[in-house]
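Data block below; observations after.
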Number of protein chains: 2
Amino acid sequence: MSHVGYCRLMAVDRDHVLRSAAALLTRKATATLDEVAKAAGISRATLHRQFAGRDALVRALEEYGIQECEAALRAARLEEGPASDALRRLVAEIEPHAGLLAFLHTENQLFEGEDLNEGWTRMDERLGALFRRGQENGEFRIDLTPAWLTEASYGLLVSASWAVTDGRMAPNDFTRMITELLLGGVRRPHDAPGRTPA
Amino acid sequence: MSHVGYCRLMAVDRDHVLRSAAALLTRKATATLDEVAKAAGISRATLHRQFAGRDALVRALEEYGIQECEAALRAARLEEGPASDALRRLVAEIEPHAGLLAFLHTENQLFEGEDLNEGWTRMDERLGALFRRGQENGEFRIDLTPAWLTEASYGLLVSASWAVTDGRMAPNDFTRMITELLLGGVRRPHDAPGRTPA
DNA sequence: CCCACATGAGACATTGATGTCTCACGCGGA
DNA sequence: TCCGCGTGAGACATCAATGTCTCATGTGGG
């Protein structure tokens, strides 16, 4: 059945195109469709065959990104175990999709009046719930609101993602840098010696 | 002397226009010049009289933002006193210009091959030096690179700026939320009770 | 070998943003 | 009151991006 092969091929290309587009559009939101196509290694014609237009492309980007991120959230099992560990799992799971997340987080407000994708709200709630759990747990301090911690997590994820793509950070450091900063902060612990990980 | 009054008026309007433009363009980089003008409360004609075109506007935005941020850095006196306090001063000083910073930080890579403004590099170095100082000081932990801490600071500044403009965070919380998270992290200190500030 | 089909390259027409005008209005000072 | 001047509104011309074609090519399967 050639149809199956056809669909598989499309899906693979689609992923690649979307990720390339996200990487480019995050930094240059005014990029031409020619540029987007070239960045993905395809022609504008093919790009246009997969996505009706710029708007459709951005929509697909949004949907795809949310889908991937929600899958990552699910895989991280945020409700299980210590909140700190859950946070670590979360960052690790999201890492492969950080580029998508960066695009969505910065250009999200592109559609003004429209309802911002409910999947986004779901993600916010999941993250907020994690931080709240950690606070009620006693693991996390309570003087930082879950909403801010959620927002801050996005910010750090995005910053780290850019730092990696720009070569200012080693890809291996991604998860550690984010989680260590987020969990422990930059201040050196006075009384807990040898905290620095291997 | 009408000329003086003229210049002053222009300068004031210019500030306002630039800040409005930054606030809009950060979230919707594809916004029309009509939209930019409307957001600033002026007509497209007047906008065009002040800035030759979109490109000129973005350039001016860049220059203005860097200028303001560097002034903030200077005012924060990063070399004086404990690095933690310097960091607090820095965030407090930058707060009024967080919108500008958000724009610059997200759309900076707009000019590809071109030399990204050297003022930007200067800011990076200043911030990096602060973190390095804190590390050599013993105040800060050494397992997070100054480059990452710099990038992370930008990310938190931007996230907080957006959270405030979107109404998800009280403006008063801006400095405290950022500095507390950056310095202390989200994890609750085990052995230092009563750390929560008033 | 032949065919189906996705792709790349390109030629248009169209749309929308932009750059450049002109002109009338309102406000301030002389 | 009259004038200078900045402004807003709008009318274009221009140009770049986009949407829509066609056609040649290459490849993979039958």
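The values are calculated or read from the model by the stated rules, or taken from the named source; none is laboratory data. Here the structure is a predicted model, which is why all the values come from computation and not from measurement. Cβ placement follows ideal geometry from the backbone for every residue including glycine, while neighbour counts extend to all protein chains displayed. With ligands, DNA and RNA removed, areas are computed over all heavy atoms of the protein, side chains included. Shrake-Rupley method; radii C 1.70, N 1.55, O 1.52, S 1.80 Å.
For segment B:128-148, enumerate the residues that are open to solvent by less than 40 Å² (accessible area, probe 1.4 Å), among the hydrophobic types (A, V, I, L, M, F, W, C) and either more than 8 Å from chain A (Cβ to nearest Cβ) or touching a residue at least 24 places away in the same chain (Cβ under 8 Å) (or both).
If the condition is that a residue be open to solvent by less than 40 Å² (accessible area, probe 1.4 Å), among the hydrophobic types (A, V, I, L, M, F, W, C) and either more than 8 Å from chain A (Cβ to nearest Cβ) or touching a residue at least 24 places away in the same chain (Cβ under 8 Å) (or both), then B:Leu130, B:Phe131, B:Phe140 are the ones that fit.
For segment A:2-14, state whether one or more residues are at pLDDT below 95 and touching a helix residue (DSSP H, G or I) at 6+ places or on another chain (Cβ under 7 Å).
Looking only at segment A:2-14, we keep the residues that are at pLDDT below 95, and these are A:2-14.
If we keep only those that are touching a helix residue (DSSP H, G or I) at 6+ places or on another chain (Cβ under 7 Å) too, we end up with A:14.
Yes.
Open to solvent by 10 Å² or more (accessible area, probe 1.4 Å), at pLDDT below 95, farther than 19 Å from B:Ala86 by Cα and not acidic (Asp, Glu): which single residue out of B:Pro197, B:Pro189, B:Pro171 fits that description? Talk me through it step by step, then tell me what you get.
Numbers: B:Pro197 fails: farther than 19 Å from B:Ala86 by Cα; B:Pro171 fails: at pLDDT below 95.
Criteria check complete, one pass: B:Pro189.
Based on this model, can you work out whether B:Pro82 counts as more than 14 Å from chain A (Cβ to nearest Cβ) and more than 16 Å from DNA strand C (Cβ to nearest atom)?
Considered against the rule, which asks whether it is more than 14 Å from chain A (Cβ to nearest Cβ) and more than 16 Å from DNA strand C (Cβ to nearest atom), B:Pro82 comes out as no.
When you scan segment B:20-41, how many residues do you find that are part of a helix (DSSP H, G or I) and not aliphatic (A, V, I, L, M)? It would help to see each step written out before you state the result.
Step one: filter segment B:20-41 for residues part of a helix (DSSP H, G or I), giving B:20-27, B:33-40.
Retained after the next criterion (residues that are not aliphatic (A, V, I, L, M)): B:20, B:26-27, B:34-35, B:38.
Residues meeting the conditions: 6.
Identify, by number, the condition in (1) closer than 29 Å to A:Ile178 by Cβ; (2) touching a helix residue (DSSP H, G or I) at 6+ places or on another chain (Cβ under 9 Å) that A:Gly53 doesn't meet.
Unmet for A:Gly53, out of (1) closer than 29 Å to A:Ile178 by Cβ; (2) touching a helix residue (DSSP H, G or I) at 6+ places or on another chain (Cβ under 9 Å): (1).
Only one residue in A:Glu95, A:Glu63, A:Glu35, A:Glu118 is open to solvent by 30 Å² or more (accessible area, probe 1.4 Å) and touching a residue at least 60 places away in the same chain (Cβ under 8 Å). Which one? Talk me through it step by step, then tell me what you get.
Details: A:Glu63 fails: touching a residue at least 60 places away in the same chain (Cβ under 8 Å); A:Glu35 fails: touching a residue at least 60 places away in the same chain (Cβ under 8 Å); A:Glu118 fails: touching a residue at least 60 places away in the same chain (Cβ under 8 Å).
From the options A:Glu95, A:Glu63, A:Glu35, A:Glu118, the qualifying one is A:Glu95.
Cβ contacts < 7 Å: first residue more than 17 Å from A:Leu100 (Cα to Cα) and free of Cβ contacts under 8 Å to residues at least 24 places away in the same chain, restricted to segment A:41-60; second residue within 12 Å of DNA strand C (Cβ to nearest atom) and not aliphatic (A, V, I, L, M), any location; separation 6+ or different chain. Result?
Pairs found: A:Arg44/A:Asp34.
For the structure I just gave you, tell me whether A:Leu181 is open to solvent by less than 30 Å² (accessible area, probe 1.4 Å), without any contact (Cβ under 8 Å) to a residue 60 or more places away in the chain and not in a loop (DSSP other than H, G, I, E, B). Break it down into steps so the answer makes sense when it comes.
Details: open to solvent by less than 30 Å² (accessible area, probe 1.4 Å): yes; without any contact (Cβ under 8 Å) to a residue 60 or more places away in the chain: yes; not in a loop (DSSP other than H, G, I, E, B): yes.
When the stated conditions are applied, A:Leu181 passes them.
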